[in-house]
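Below: one structure, written as structure tokens.
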Amino acid sequence: MGRAELNRHEPTDIPGARVDAREPGTGELLGMRAVFANHSYRSGGALEAHFGLGTRETVDIKVTLLSGKTLTFPKSRADRFLDLNLQTRQATTP
């Protein structure tokens, strides 16, 4: 499993962002998640994207913001929580 949290960017840019997990080298789409702050009436949720990645050790992560801007995090480690800093384009483990 892998989980990515988006932060350190304009707060209005994150909700609605699309997060893709792709196979390094081939670019094959492994999973896609849309990030939403609300999940049902009068509720809120974390700005996270969770992927089941099996035995993979690395994946390429691509974030597409509503503005159309894309950010990539190549060869990101799988099987952990990653904090994606959209300003510095670094993926770290908190």
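FYI, it's all coordinate maths here, none of it is from the lab. Just so you know, these numbers come straight off a predicted model, no measurement behind them. Glycine gets a Cβ as well: all are built from the backbone with ideal geometry, and neighbour counts include every protein chain shown.
The residues packed around residue 57, meaning those with a beta-carbon under 10 Å from its beta-carbon, carry a net charge of +2 if Lys and Arg are +1 and Asp and Glu are -1.
PRE reach from residue 28 (point 7 Å along Cα→Cβ): which of the range 45-86 fall under 18 Å by backbone N? Zone members listed by number: 51-62, 75-76, 78-79. If R0 is taken as 22 Å, the Cβ-Cβ distance between residue 89 and residue 36 corresponds to a FRET efficiency of 0.45.
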